[in-house]
Amino acid sequence: MLNLTPHAITIRTQAGDVVFPPSGQVARVASVATDTGLTVAGVRVIRNQYGPVTGLVRDAAGIPVPCIVSGMVLAALPPGTPNVYAPATGATAIRENGQVVAVTELVAA
């Protein structure tokens with residue numbers, strides 16, 4: 001599975017940890033920041049508008065190859081997009097000092 005995030009992803013299984021190193025390619029979501037005209041505690045408030053996903057690797061038929069992306073990228077894809085997964089960083093994630101060090105599940109589009 002191709003890891004399209006900038007860092008290693010560790011999946012903890014019954015048989016042990018499986019580590020997916022970064023591939024060197026990163027899938028991203030385009031965004032444009034718009035000023036809302038608001039400030040909170042003296043800090044300007046913006047609104048992000050998200051656009052298309054870039055950086056997915058596709059096969060000859062245009063279908064994404066099996067890959068891991070960030071949760072933000074996954075959320076920007078149409079539901080049911082095949083072969084694209086994100087680490088499940090919720091309650092089942094393994095944390096040390098508050099940081100996710102491994103996941104036990106993947107989230108599908």
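Rule-based calculations on the coordinates, nothing more; no lab input. Model, not experiment: these values are computed from the prediction. FYI the Cβ positions are ideal-geometry reconstructions off the backbone, even for glycines, and counts take in every protein chain you see.
Over 12 Å apart: what share of the alpha carbon pairs of the stretch 1-42 falls there, rounded to a whole percent? Looking at the stretch 1-42, the distances longer than 12 Å represent 71 percent of pairs.
Taking the DSSP beta bridges with both ends in the chain, the antiparallel portion is around 80 percent.
Rounded, prolate or oblate, given the Cα gyration tensor of the stretch 13-77, with a/c below 1.5 counting as rounded? Verdict is oblate for the stretch 13-77. Each label was represented as a point 7 Å from its Cα along the Cα-to-Cβ direction; for Thr92 and Ser31 these points are 2.7 nm apart.
Give the shape of the chain as rounded, prolate or oblate, defined through the alpha-carbon gyration tensor: a ≥ b ≥ c are the square roots of its eigenvalues, a/c under 1.5 means rounded, and otherwise the shape is prolate if a/b is larger than b/c and oblate if not. Don't jump to the answer; show the numbers that get you there.
Values: a/c = 2.46, a/b = 1.33, b/c = 1.84.
Note, shape of the chain comes out oblate.
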